[in-house]
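Novice: Encoded as structure tokens, here's the structure I'll be asking about.
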Amino acid sequence: MLTERTRALVLSGGPSVPSDYEFRMKNLLRFVSPKDIPASEDLFSAELLENHLAALGEPPLSLIAVGDIMLGGRARRPIKEHGRDYPFRAVLPILQRAPIVLGNLEGALAQTAQKQNRNFTYRARPKVASSLLRAGINVCTLANNHLVDCGREGVLETLEALAVAGVTPLGAAANETAAHVPVVREAGGLRIGLLGYYWNRRCAATANLPGSAMGVFEELETDIGKLRSQVDRVVVTFHWGRPYKPEPSPRARAKARFAIDCGAHAVIGHHPHIIQALEIYRSRPIFYSIGNFAFGSGNSKAEGLLLGFRFEDARTLVSVYPLYVKNRDPRVNYQPKLMRGNAAEQLLRRLVEISKRGGRHLRIEGGTGKLDLPLLIPSHRKKAKTA
């Protein structure tokens, strides 16, 4: 028998939901507790989000960061039905609020190279790259475990597809030296430098092979130290952790803190597909996992955050926006939605709880998490001894 809460979820789709809405909601409820499914009124449409942001009247952001993006797999069907811009349509108003939008792109964009014989390999058409730029996503880290899903030739095809679309790759390139080259952009009169890393040698670039930057401690010290002298702010992104594991590993914590000791102003992680703790280290934010964004798999455990950074001369402001990304829910259907109301506050309260000391810095205001961190100049810390 359906509980009152479950019945409300199944039957409250509204007039514009698909004809199989009730069936799909019942299917979702096989995997997800009703308490983890937001009411329809707690999901922003693009129009509502546009109006909400206009009413707030906040100044532009410097940088927006989103989690895992994969435009193949089960996302192919809705993209074919609704067009290439479909995955980002509901969050477009917020993506347009920053001159730099960084996402983690997974799976090859390949026409010729074929998928490797491995579990969970992804491949999307190169033409979908254009939808990234139209959504405002102009930098994509490729330093992740799906970089070589179509082999090394697939890496080259992906780099070419992004170049044609006008999207800048981060953390991966045609050889090791190029994979460590930062992306530098200007926002609000400040120069922002970005670096991206994935730890696994299986995907690593070499002197002669395309792949990713690994980011061992010595490389972090070199890369961040060199970049720090060229820019006003350094943001480092890592692909790390284990899927659906709620706790950051001790190694991830050590590497994130070391990056800040080297001069990074913010650290952003992804790969677990769920959110992990926020930490404030030496007055600088570490988000160990911001989860999924627009990801073409049907998993029902997925969670996501969208981060908005505003870098000022003497402080760093961060807005944390909760996302609803459970693709089995027909109200999502491979199109992430920003949450509001009770659903947004529930996810933010959990972020505060799992972050422990770090969570004390996060204020929840109107369904958005807020950080206001003074810019402190780190003193020199001892170099890490292990890779």
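The values are calculated or read from the model by the stated rules, or taken from the named source; none is laboratory data. Predicted, not measured: the structure shown is a model, and the values here were computed from it. Note that each Cβ is placed from the backbone with ideal geometry, even for glycine, and that neighbours are counted across all protein chains shown.
Novice: Looking for something closer than 22 Å to Tyr122 by Cβ, outside any loop (DSSP other than H, G, I, E, B) and touching a strand residue (DSSP E or B) at 6+ places or on another chain (Cβ under 9 Å) - is there at least one such residue anywhere in segment 251-268? Step through it out loud before you land on a result.
Specialist: Our first condition is that a residue be closer than 22 Å to Tyr122 by Cβ; within segment 251-268, this holds for 268.
Next, from what is left, pick out any that are outside any loop (DSSP other than H, G, I, E, B): 268.
This time we only want the ones that are touching a strand residue (DSSP E or B) at 6+ places or on another chain (Cβ under 9 Å), so: 268.
Taking every residue of segment 251-268 in turn, at least one turns out to be closer than 22 Å to Tyr122 by Cβ, outside any loop (DSSP other than H, G, I, E, B) and touching a strand residue (DSSP E or B) at 6+ places or on another chain (Cβ under 9 Å).
Novice: What are the pairs, 6+ residues apart or on separate chains, where a residue within segment 250-275 that is farther than 17 Å from Asn144 by Cα and at pLDDT 95 or above has its Cβ under 8 Å from a residue that is surrounded by fewer than 21 Cβ atoms within 10 Å (Cβ to Cβ) and acidic (Asp, Glu)?
Specialist: Hits for this filter: Phe258/Glu221; Cys262/Glu221.
Novice: Give the residue, chosen from Ala207, Ala165, that is at pLDDT 95 or above, surrounded by 15 or more Cβ atoms within 10 Å (Cβ to Cβ) and more than 24 Å from Ile377 (Cα to Cα).
Specialist: Ala165
Novice: Where in segment 117-217 are there helices (runs of 4 or more DSSP H), lying wholly inside it, with at least 1 residues that are among the acidic types (Asp, Glu), touching a residue at least 12 places away in the same chain (Cβ under 8 Å) and in contact with a strand residue (DSSP E or B) (Cβ under 9 Å, 6 or more places away or on another chain)?
Specialist: Of the helices (runs of 4 or more DSSP H) lying wholly inside segment 117-217, those with at least 1 residues that are among the acidic types (Asp, Glu), touching a residue at least 12 places away in the same chain (Cβ under 8 Å) and in contact with a strand residue (DSSP E or B) (Cβ under 9 Å, 6 or more places away or on another chain) span 151-165, 176-179.
Novice: Take the residues in segment 274-301 that are more than 23 Å from Arg357 (Cα to Cα) and in contact with a Phe, Trp or Tyr (Cβ under 7 Å, 6 or more places away or on another chain), then tell me which one is surrounded by the fewest Cβ atoms within 10 Å (Cβ to Cβ). Before you say what the answer is, go through the steps one by one.
Specialist: Residues of segment 274-301 more than 23 Å from Arg357 (Cα to Cα): 292-301.
Those left that are additionally in contact with a Phe, Trp or Tyr (Cβ under 7 Å, 6 or more places away or on another chain): 294, 296, 300-301.
Details: Ala294: 30, Gly296: 23, Ser300: 17, Lys301: 15.
Selected residue: Lys301.
Novice: Scanning for something touching a strand residue (DSSP E or B) at 6+ places or on another chain (Cβ under 6 Å), surrounded by fewer than 21 Cβ atoms within 10 Å (Cβ to Cβ) and among the basic types (Lys, Arg), does segment 227-240 turn up at least one residue?
Specialist: yes
Novice: Which of the residues spanning segment 224-264 are in contact with a helix residue (DSSP H, G or I) (Cβ under 9 Å, 6 or more places away or on another chain), under 22 Å from Asn292 (Cα atoms) and β-branched (Val, Ile, Thr)?
Specialist: Passing the criteria: only Val236.
Novice: How do the strands (runs of 3 or more DSSP E) wholly within segment 297-376 filter down when requiring 2 or more residues that are closer than 27 Å to Lys245 by Cβ and of a type in the set (Val, Ile, Thr): which remain?
Specialist: 315-324
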